[in-house]
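Below: the structure, in structure tokens.
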Amino acid sequence: MPTALITGASRGLGAAIAQELESTHRILLGGRDEAALQPLADHLPDADPWTVDLTDRAAVSEAASTVKSLDVLVHNAGMAEIGSIRDTPLSVWESTLEVNLLAIVHLTRELLPALRLAGGHVVLINSGAGLRANAGWSAYAASKFALRAFADALRLEEPALRVTSIFPGRIDTDMQRSIVATEGREYEPDEFLRPATVAQAVAHAIRMPRDGHPTEVVLRPKRT
Ligand SMILES: NC(=O)c1ccc[n+]([C@@H]2O[C@H](COP(=O)([O-])OP(=O)(O)OC[C@H]3O[C@@H](n4cnc5c(N)ncnc54)[C@H](OP(=O)(O)O)[C@@H]3O)[C@@H](O)[C@H]2O)c1
């Protein structure tokens, strides 16, 4: 069975992607907290926690060295703290660029030999904010624009790999709950994409026959 490593699999979209891929892949569940990953690992037929804080360079290098061949790498872990440029301290820019860009660059570089060996597929969970920067979203949008540039360069430099950027609109997860709270609005889950729906789009890209290279997938919530 092919192996898929999914970062940020403890909850939200990452957990949904793990559940969507479980029938076709052995899953490495990326996350910071092994106790948070274990219930999902117990529930899936062939899944193990892959515990590491993605911002710890040395720990990531060590964890990556245990992966010899990798068919699918889903960069899903991310953070979003919204606010105006005036009100957003530099420390938020630093942590946002760290988690949403530099940690992904580092993990990808460490796993390149394993991905090349398998002729693997790298999926990057981007955002609508990676296509349009709106007021109040500057740090997050900048990190996602940069992530898109990284994906485009990786696709050109590593022709043996498939590289897919996924651009979802707002998804019903903890991240969205905290964004809506900051916006001071009522949370209505039905306004947002379901994690399982976005996970289906990710799985569809991964399962596409090898003569197809899904480079970008854009998904918006359907207004009812
Ligand atoms: N929710 C949306 O509306 C939306 C829309 C478009 C795109 N996205 C993107 O979708 C992806 C998943 O978002 P989500 O909504 O599922 O977010 P979430 O509910 O906040 O979950 C974030 C995940 O990332 C992990 N993570 C964060 N920092 C980490 C670190 N330093 N090391 C390891 N893991 C870390 C978290 O692990 P812990 O459990 O350990 O904290 C958690 O599993 C993100 O890339 C986000 O930008 C989200």
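The values are calculated or read from the model by the stated rules, or taken from the named source; none is laboratory data. Treat the numbers as computed from the prediction; the structure is a model and nothing was measured. Here the Cβ is made from the backbone with ideal geometry for all residues, glycine too, and neighbour counts use every protein chain on show. The accessibility values were calculated without ligands, DNA or RNA, using every heavy atom of the protein model including side chains. Shrake-Rupley method; radii C 1.70, N 1.55, O 1.52, S 1.80 Å.
A straight chain from Leu131 to Glu191 at 0.36 nm per residue would run longer than the Cα-Cα distance by 19.6 nm. Element breakdown for the chain at a 1.4 angstrom probe: carbon and sulfur atoms account for 52% of the accessible area. Comparing mean-square fluctuations of Ile125, Ile179, Ile27 from a GNM of the chain with C-alpha springs under 10 Å, the top value falls on Ile179. Is any residue of the range 150-177 close enough, with backbone N under 15 Å, to a label point placed 7 angstrom from the Cα of Arg116 along the Cα-Cβ axis, and if so, which? Counting backbone N atoms under 15 Å from the label point, the list is 154-162. Any idea what % of Cα-Cα pairs in the chain are farther than 26 Å? The calculated P(r) of the chain puts 32 percent of pairs beyond 26 Å. Compared with the alpha-carbon gap, the fully stretched path from Thr182 to Ser84 is longer by 34.1 nm at 0.36 nm per residue. So what's the angle, to the nearest 10 degrees on a 0 to 90 scale, between helix 12-21 and the longest Cα principal axis of the chain? The answer is roughly 30 degrees. Mind jotting down the distance between the C-alpha centroids of the range 162-180 and the range 1-38, whole Å? About 16 Å separates the Cα centre of the range 1-38 from the one of the range 162-180. With contacts taken as Cα pairs under 8 Å and at least 6 residues apart, the chain reaches a relative contact order of 19 percent. Backbone phi angles across the range 208-224, fed through the Karplus curve with coefficients 6.51, -1.76 and 1.60 (θ = phi - 60°), yield HN-Hα couplings of 4, x, 5, 6, x, 10, x, 7, 8, 10, 10, 9, 10, x, 7, 6, 9 Hz in residue order; Gly and Pro are listed as x. Longest span of the chain, sites excluded, free of trypsin sites (Lys or Arg not before Pro) in DSSP loop with at most 14 other C-beta atoms within 10 Å? Within the chain, the longest run free of exposed trypsin sites (Lys or Arg not before Pro) spans 1-67.
Contact order for the range 95-224, expressed relative to its length and based on alpha carbon pairs under 8 Å spaced 6+ residues apart, stands at 26 percent. A 1.4 Å probe run over the protein chains yields, for the range 3-219, 46 Å² of accessible area per residue, whole-number rounding.
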